[in-house]
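Worksheet: one structure, shown below.
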Amino acid sequence: MSKKSVDKKLKLGKKLKENRRIPVLAMLRTHRRILYNKFQRDWRHRKLRIE
């Protein structure tokens with residue numbers, strides 16, 4: 001396994017946070033204005049591009 005730089009780790013962490021699903025409570029509170037996460041990524045089809 002290769003060692004990741006701190007920069008790459010931060011970028012990976014950011015992408016992981018973006019990819020999280022929206023809590024049900026948030027959906028209910030906003031009256032379904034935010035139904036889905038626009039950052040969500042299908043790991044099978046869309047690759048993660050990290051410089």
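The values are calculated or read from the model by the stated rules, or taken from the named source; none is laboratory data. Bear in mind that the values here come from a model prediction, so they are computed numbers and not experimental data. Neighbour counts are summed over all protein chains in view; Cβ atoms, including those assigned to glycine, are modelled from backbone coordinates with ideal geometry. Only protein heavy atoms, including side chains, enter the accessible area calculation; ligands, DNA and RNA are left aside. Shrake-Rupley method; radii C 1.70, N 1.55, O 1.52, S 1.80 Å.
Checking every one of the trypsin sites (Lys or Arg not before Pro) in the stretch 1-50 against DSSP loop status and a limit of 16 other Cβ atoms within 10 Å picks out Lys3, Lys4, Arg20, Arg21, Arg32, Arg33, Lys38, Arg41, Arg44, Arg46, Lys47, Arg49. Relative to the longest principal axis of the Cα atoms of the chain, helix 6-19 runs at roughly 20 degrees.
Based on protein heavy atoms only, the chain ends up with 106 Å² per residue of surface accessible to a 1.4 Å probe.
Spherically averaged projected area of the convex hull of Cα atoms, the chain: 4.9 nm².
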